[in-house]
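The values are calculated or read from the model by the stated rules, or taken from the named source; none is laboratory data. Model, not experiment: these values are computed from the prediction. Backbone-built Cβ (ideal geometry, glycine too); neighbour counts: all protein chains shown. Each accessible area value is taken on the protein alone, full model and side chains, heavy atoms only, with ligands, DNA and RNA left out. Shrake-Rupley method; radii C 1.70, N 1.55, O 1.52, S 1.80 Å.
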Amino acid sequence: QVQLVESGGGLVQAGGSLRLSCAASGRTFSTYAMGWFRQAQGKSREFVAAVDSSAQKTYYHDLLRGRFTISRDNSKNTVSLQMNSLKPEDTAVYYCAADPTGWGNSEYLYNVWGQGTQVTVSS
């Protein structure tokens with residue numbers, strides 16, 4: 001089973017960009033679909049994006065497609081989330097997660113989670 005550690009969060013002004021990274025330990029990383037989720041204060045966790053195990057397919061929350069881009073590098077055991085044109089409503093803790101069975105937008109498919117990284121977008 002992999003273990004996940006996110007990095008790259010921080011404070012950014014509206015309109016700016018951030019790139020989140022998630023480093024995975026373990027030799028089975030390439031067998032997992034990977035996803036990014038976020039949770040704003042007082043709200044439930046929300047799907048952001050996913051990529052399949054071979055990096056051939058990506059899937060985005062409809063409202064985030066075009067601003068966010070997910071990618072992975074199986075040779076480096078990493079998955080990234082490039083976030084552009086950030087808005088104050090993007091403020092949340094962002095989590096990467098691993099799904100061993102397939103891929104999708106339900107958090108219940110993912111059984112390995114990182115600790116999260118805070119993204120704060122100021123207006």
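Exposure check, 1.4 Å probe, all protein chains in place: Lys87 carries approximately 80 Å² of accessible surface. Label zone of Gln3 (point 7 Å out along Cα→Cβ, amide N under 19 Å): in the range 15-51 this covers 21-32. Couplings for the range 71-88, taken from phi via the Karplus curve 6.51 cos²θ - 1.76 cosθ + 1.60 with θ = phi - 60°, read 8, 9, 10, 5, 6, 10, 6, 10, 10, 10, 9, 8, 10, 10, 6, 5, 10, x Hz in order; Gly and Pro are left as x. Electrostatic tally near Ala33: other residues with Cβ closer than 10 Å to its Cβ, Lys and Arg +1, Asp and Glu -1, net 0.
Per atom type, the range 1-58 shows carbon and sulfur on 43% of its accessible surface, probed at 1.4 Å.
Normalised per residue, the accessible area of the range 47-123 is 48 Å², obtained with a 1.4 Å probe and no contribution from ligands, DNA or RNA. Straight-distance candidates among the lysines for linking to Lys43, with alpha-carbon spacing under 25 Å and chain neighbours fewer than 8 residues away dropped: Lys87.
Give me the dipole magnitude in Debye, nearest 20, for the chain about the Cα centre, with unit charges on the beta carbon: positive for Lys and Arg, negative for Asp and Glu.
Here the size comes out at about 160 debye.
Computed over the range 13-59, the alpha-carbon pair-distance distribution with 5 angstrom bins reads 5, 15, 19, 24, 20, 10, 6, 1, each value a whole percent.
Our coupling estimate for the range 49-55, obtained by passing each phi through the Karplus curve with A = 6.51, B = -1.76, C = 1.60 and θ = phi - 60°, is 6, 9, 9, 6, 5, 9, 6 Hz, Gly and Pro reported as x.
The lysines whose alpha-carbon is closer than 21 Å to the alpha-carbon of Lys57, local same-chain residues fewer than 8 away aside, are Lys76.
Averaging Cα coordinates gives a centre for the range 1-15 and one for the range 20-44; these two points are 10 Å apart.
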